[in-house]
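All of the numbers you see were taken from the coordinates with simple rules; none came from a lab. As the structure is a prediction and not an experimental result, all values here were calculated from the model. Because the Cβ atoms are built from the backbone with ideal geometry, glycine has one as well, and the counts that use them run over all protein chains shown.
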Amino acid sequence: MNEQVRDWVRAARHIAVLTGAGMSAESGVPTFRDAQTGLWAKFDPHQLATENAFRANPSMVWDWYAFRREMIAKVDSNAGHRALADFARRHPGRMTLITQNVDGLHQRAGSPGVLGLHGNISQDKWLDTPHACCNADAAVPGSPPHCGVCGNMLRPDVVWFGEALPLQTLTLAENAASSCDLMLVVGTSGVVYPAAGLARMAAGKVVVVNPHPSDLDDAADAVLSGTAAQLLPQLLED
Ligand code: BV8
C-alpha cells in the first residue's frame, strides 16, 4: 500500500469520498459501462436512463430497472463498502460519503449520511405531478404500475440524464468537496457531470482508486491502480 497516501488519510481532518459503479463491481453489480448484459446488451444505458426513453417506451425502461433491482436485491455490500462504513464509525464526522450509485449498498453497509447524487433505484415516484387520484399503494400493477384514474405512471426515483440532481444533496456534496483535506475518488470513470466535477473542485489532495485509467486521473495527486474491495480496507485501517 502507498504509505504516502496512508499518511494523507491519517493526517486528514475531513475526508470526502466520491464513488461510482466500480465500488459495487465486486459485489456482483456490473458497472454502468458493462451493465449491458444479456437482453440489454444492445442498449446504451445513457439512452435508457432518460425521460424521453421512458415516455417513448415505458415498459422497456421499467423492465430494465426491474432487471437491475432484482440483481441488486440478490447481492451484498463488499469489503470496500464495509471499510468506508467502519472508518465513519471509528471516526465520526471525519468522512463525507458522496455516491453516484443508486444501489443502496453503502447504506446497507452502514455508512451514515450517504449523499446519493443520483437517487435510489429501489424507490418509485410519479412521472407527472400527482393528482388527488394518484395513490401509489393503489396503483394498477404493470410495466410500469400506473394510476387507474388518470394514467399517471410510476418511475424509479433516480436522476435521469438531462434531469437536475437533488439540489440540497448536490450543495452538501459541493461543500464537502470544497472543504476537504483529502478526496478519495473510487470506482468511477469520471465522465458524468456534475458528479465528476466534485473531484475537480476538491480543496484537498485527490486520490483515485481504480484498476483502469479514468477521466479524473489528470486531477489526481495519486492514482492507486487496484480495486475498491482490495485497497480501501488497507487504506482506511488505523
Ligand atoms: C444534468 C442514475 C442538467 C440513473 C445516472 C458537462 C460535460 C458533459 C456533459 C454534461 C455536463 N453537464 C451535464 C452533462 C450531461 C450529462 C452527462 O454528464 N453526460 C455524460 C454521459 C457525458 N449529465 C446529466 O445529464 C446530469 N443532469 O446535467 O442536468 C440540468 C440542470 C438543471 C436543470 C435541469 C437539467 C444527470 C447525470 C445523472 C444521470 N444518472 N444514474 C441510473 O442509474 O439508471 S448516471 C450513472 O452513470 C451513474 O449514476 C454514474 O454517474 C454514471 C456511470 O459512471 P460510473 O459510476 O463512473 O460507472 P462506469 O461504468 O462509467 O465506470 C466504472 C468505473 O469503475 C471504471 O472507471 C472502471 O475502471 C472502474 N472499476 C471497475 N471495477 C472496479 C472499478 N473501480 C474500483 N474497483 C473495482 N472493482
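Here are the numbers for this structure:
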{"quantity": "Amide H within-cut-off set for Gly119, under 5 Å, with H built and near neighbours excluded", "calculated": "Val159"}
{"quantity": "Extension reserve of the Met71-Ala56 stretch, reckoned as 0.36 nm per residue once the Cα distance is removed", "calculated": "2.9 nm"}
{"quantity": "Residue exposure sequence - Leu97, Leu235, Leu172 - by fewest surrounding Cβ within 10 Å", "calculated": "Leu172, Leu235, Leu97"}
{"quantity": "Calculated FRET efficiency for the pair His46/Ser143, C-beta based, R₀ 25 Å, to 0.05", "calculated": "0.70"}
{"quantity": "Sequence-distant residues sharing a close amide H with Val209 (under 5 Å, placed H)", "calculated": "Val185, Val186, Gly187, Leu224"}
{"quantity": "Inter-label distance, nm, simple model (7 Å from Cα along the C-beta direction), Asp34/Ala136", "calculated": "3.4"}
{"quantity": "Ratio Rg/Rh, restricted to the chain and using Cα atoms, in which Rh is the Kirkwood radius", "calculated": "1.00"}
{"quantity": "For segment 209-221, Karplus couplings with θ = phi - 60° (6.51, -1.76, 1.60), whole Hz, Gly/Pro x", "calculated": "10, 6, x, 10, x, 10, 6, 10, 4, 5, 8, 8, 8"}
{"quantity": "Point-charge dipole on Cβ atoms (K/R +1, D/E -1) for segment 1-64, about Cα centre, debye to 20", "calculated": "160"}
{"quantity": "Under Karplus coefficients 6.51, -1.76 and 1.60, residue-wise ³J(HN,Hα) of segment 17-34 in Hz, glycine/proline x", "calculated": "10, 10, 10, x, 4, x, 4, 9, 4, 6, 8, x, 8, x, 5, 4, 6, 10"}
{"quantity": "Average silhouette area of segment 149-238, convex hull of alpha-carbon atoms, in square nanometres", "calculated": "8.3"}
{"quantity": "Value at 222 nm in deg cm²/dmol, rounded to 500, when DSSP H runs of n ≥ 4 in the chain each add -39,500 (n - 2.57)", "calculated": "-9500 deg cm²/dmol"}
